[in-house]
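Comments concern the structure below.
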Amino acid sequence: MKKILVFSAIMIGLTLQTASAHAQTFWMEGVWNGSATQSNPNETWTVRLAVARHGDLDSYRVTYPTLGCSGYWTYVRADGEVTQFVEHIDHGADKCVDRVNITVGPSARGEFNRPIRMRYHAQWSSGFAGGELALEQ
């Protein structure tokens, strides 16, 4: 009985965290494309982010076509519409840095006040990158 209660408490906590992430990132749903420029060395590369809803779960798949790597983001927290993730590279790990801290937020709005552009910022131990992504129409 004790194991069942502990398991139930863990599942309730995970459900609340998932529901919170879902509510905080609803504006991100869709496919976003753009570029980012990094420091050290100074390079610009393309970014493609696909955010999809699967019931109460969200998926955040990111691809860097010019770098030859891709992966996924895990939700960390949100402060208003500024949202933080950790990036995990699962393809082309020899070409991209794994476990990068990502921050995104709306930068322009369209019809019905829907965000159509987002700021993108990536931070890792030896550098950072920033750019902007546009929602595919």
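Since every read-out is calculated from the coordinates, none of them should be taken as a lab result. Note that the coordinates shown come from a computational prediction; the quantities given were computed from them, not determined experimentally. Here the Cβ positions follow ideal geometry from the backbone for every residue, glycine too, while neighbour counts run over all protein chains shown.
A few remarks follow.
- Any chance residue 132 is surrounded by 14 or more Cβ atoms within 10 Å (Cβ to Cβ), within 22 Å of residue 39 (Cα to Cα) and in contact with a Gly (Cβ under 7 Å, 6 or more places away or on another chain): yes
- Unmet criterion (only one of (1) within 20 Å of residue 135 (Cβ to Cβ); (2) surrounded by fewer than 14 Cβ atoms within 10 Å (Cβ to Cβ); (3) polar (S, T, N, Q)) for residue 39: (1)
- Selected residue (criterion: surrounded by the fewest Cβ atoms within 10 Å (Cβ to Cβ)) from residues of region 107-129 that are within 15 Å of residue 43 (Cβ to Cβ) and not aromatic (Phe, Trp, Tyr): 126
- When 90, 79 are checked against the criterion of being out of contact with any helix residue (DSSP H, G or I) (no Cβ under 8 Å at 6 or more places or on another chain), more than 16 Å from residue 29 (Cα to Cα) and free of Cβ contacts under 8 Å to residues at least 12 places away in the same chain, a single residue qualifies: 79.
- Against the criterion of being within 22 Å of residue 105 (Cβ to Cβ), touching a His at 6+ places or on another chain (Cβ under 9 Å) and basic (Lys, Arg), residue 53 qualifies.
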